[in-house]
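Engineer: Please read through the structure below; I'll follow up with questions.
What follows draws every value from the coordinates through simple rules; no lab data is involved. This structure is a prediction, so every number in the text was calculated from the model and none was measured. Neighbour counts are summed over all protein chains in view; Cβ atoms, including those assigned to glycine, are modelled from backbone coordinates with ideal geometry.
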Amino acid sequence: MALTKEQIAQRIAKELKDGYYVNLGIGIPTLVANYIPAGMNVVLQSENGLLGMGPFPFEGEEDPDLINAGKQTITTVPGSVFFDSAMSFGMIRAGKVDLTVLGAMEVSENGDIANWKIPGKMVKGMGGAMDLVASAKNIIVAMMHTNPKGESKLLPACTLPLTGVRCVRKIVSDLAVLDVTPDGFKLLERAPGVSVEEIQSKTSGRLIVKGDISEIEV
Amino acid sequence: MNKVVSGAEEAISDITDGAVLMLGGFGLCGIPENCIAALVKKKVTNLTCISNNAGVDDFGIGLMLKGKQVRKMISSYVGENAEFERQLLSGELQVELIPQGTLATRCLAAGYGMPAVFTPAGAGTEVAEGKEIRNFNGKDYLLEMAFDADFAIVKAWKGDTDGNLVYKETARNFNPLMAMAGKITIAEVEELVPAGQLDPDAIHTPGIYVHRIFQGNHYEKRIEQRTVRKKN
């Protein structure tokens, strides 16, 4: 069984450590906030100018001046702080954010990522993604293993315009957990019931399989 | 020194066709609603707008796009506006998409009197095309120029008659950076108080950067993505 989006987020949450400052992108990455282990202190950074992002507000308590980078209404947690966009990207550029989780349309075997533009089709812009991937110490990509046409999103080289080069460290897809290594995608874990052969067939970039590959615990 | 003007119409009265404007805000959060309305009413055209986003179809900068007042947008993300996409694909509108941190830092550089900055965002991508690249400590950085804008138009929560500004929550975003970066900076505020009433330790934008200020009215503060959770 392939993982659901929630299960992908749940698996990524296991990469969190106490005291981490974390930036979560839009989509599946946002869901990671729901699985922060109880008792663990993780501070969420929203690049529009907030450290200490809390959950969505209760109905009727929405504040139009308080949104996240996805423009959703949010709340703060005790100890939160607001700042301007230059400082926000300053702390990102200076490597103060411990972990960045974002989605991708393509990842290459050397860690290049493409997630902002489909020439002739989508021209929405990169937002903060290029700044994040250029400077983050640790980048995990959360995505489906294949695109809606069934084609692999883990490629020898990206075909779409790049967001950043040689920056992705780890991928958690609906089928597998993989590290990006100098030699290619190293398979670490597989979704329950999904065979190594299936992952191989859906990974067009170089896949490294060594020893027994355990199932993802969800 | 009198920085206080009667309202948005007076504040923007010398903005003419072809001007380069900076407009604060992130999405629809912290946008200068009153000045945008006045610019729409004035029908000034051929504008270059530097703003993180381009509004939505019927609010924010989207209103200026609808009136075909904008020749060029310089933004990081424009995904919420169908009219924008239409004008872009038809060639009526030029757009320069730049990384969000680069956008912020090019404002900062202008306000800090620095002609350019080096940033790693976009290295190895099409954003780097035609730009000077320098390698520092084994990593590539792009030379990015400070913005040169005729007017910066920002929105603050509170301001005083000397032009000192305080922003609220995430409505701060690009506003203090753009306030520093305009040749002429116009600030609209929700509450205008006499100089001396704001705590000097709590001011985000020193009044030296602000040339005109007024208390705006009828703030709609539209929410783009209303997300809530249920009690219990």
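Engineer: Cut-off 10 angstrom, C-alpha nodes, Gaussian network model of chain B. Which of B:Val70, B:Val193, B:Val20 fluctuates the most?
Structural biologist: B:Val193
Engineer: Further, regarding this structure: Would you tally the net charge around A:Ile67, using a Cβ to Cβ cut-off of less than 9 Å, leaving A:Ile67 out, and scoring K and R as +1, D and E as -1?
Structural biologist: With Lys, Arg at +1 and Asp, Glu at -1, the neighbours total -3.
Engineer: May I ask you to evaluate 6.51 cos²θ - 1.76 cosθ + 1.60, the Karplus curve with θ = phi - 60°, for each residue of region B:37-54 and list the ³J(HN,Hα) values in order in whole Hz, giving x for glycine and proline?
Structural biologist: 4, 5, 5, 5, 5, 6, 6, 5, 10, 6, 7, 9, 10, 9, 7, 4, 10, 10
Engineer: Let me ask another. Go through region B:174-232 and name the trypsin sites (Lys or Arg not before Pro) that are in a DSSP coil and have 13 or fewer other Cβ atoms within 10 Å of their Cβ.
Structural biologist: Filter output for region B:174-232: B:Lys230, B:Lys231.
Engineer: For chain A, divide the Cα radius of gyration by the Kirkwood radius and give the resulting Rg/Rh value with two decimals.
Structural biologist: My calculation puts Rg/Rh at 0.97.
Engineer: Say the dipole of region A:1-159 comes from +1 at the beta carbon of Lys and Arg and -1 at that of Asp and Glu; which of A:Pro78, A:Ala129, A:Met40 then lies farthest toward its positive end?
Structural biologist: Of A:Pro78, A:Ala129, A:Met40, it is A:Ala129.
Engineer: Using only alpha-carbon positions, what ratio does the radius of gyration of region A:152-218 give when scaled by 2.2 N^0.38 Å?
Structural biologist: Here the Cα radius of gyration is 1.10 times the empirical estimate.
Engineer: On to the next question. List, in order, the whole-Hz ³J(HN,Hα) value for each residue of region B:81-94 obtained from phi through the Karplus relation with A = 6.51, B = -1.76, C = 1.60 and θ = phi - 60°; use x for Gly and Pro.
Structural biologist: After applying 6.51 cos²θ - 1.76 cosθ + 1.60, I find 9, 5, 5, 4, 4, 4, 5, 5, 5, 7, x, 6, 10, 8 Hz.
Engineer: Moving on to the next point. Provide the per-residue ³J(HN,Hα) series for region B:215-220, in order, calculated from phi with Karplus coefficients 6.51, -1.76, 1.60 and θ = phi - 60°, each as a whole number of Hz, with x at glycine and proline positions.
Structural biologist: 8, x, 9, 6, 5, 7
Engineer: Beyond 32 Å, what percent of the Cα pairs of the protein assembly as shown remain?
Structural biologist: 40
Engineer: To continue, here is another question. To the nearest Å, what is the center-to-center distance of region A:80-108 and region B:130-192, using C-alpha atoms only?
Structural biologist: Measuring centre to centre over Cα atoms gives 19 Å.
Engineer: Compare A:Lys124, A:Lys202, A:Lys149 in a GNM of chain A, Cα atoms joined below 10 Å, and give the one with the largest fluctuation.
Structural biologist: Sorting by GNM fluctuation, first place goes to A:Lys149.
Engineer: List every residue whose amide H lies under 5 Å from the amide H of B:Gly25, counting only residues 5 or more places away in sequence or on a different chain, with H placed 1.01 Å from N in the peptide plane.
Structural biologist: Amide H to amide H, under 5 Å and 5 or more residues apart or across chains, B:Gly25 pairs with B:Phe174, B:Asn175.
Engineer: Also: Excluding residues fewer than 8 places away in the same chain, name every one of the lysines whose C-alpha is closer than 27 Å to that of A:Lys149.
Structural biologist: Within the straight-line cut-off, A:Lys149 pairs with A:Lys5, A:Lys117, A:Lys121, A:Lys124, A:Lys170, A:Lys186, A:Lys202.
Engineer: What ratio of Cα Rg to 2.2 N^0.38 Å holds for region A:11-132?
Structural biologist: In units of the 2.2 N^0.38 Å rule of thumb, it is 1.10.
Engineer: Which of these, B:Gly25, B:Gly113, B:Gly55, has the largest mean-square fluctuation under a Gaussian network model of chain B (Cα springs below 10 Å)?
Structural biologist: B:Gly113
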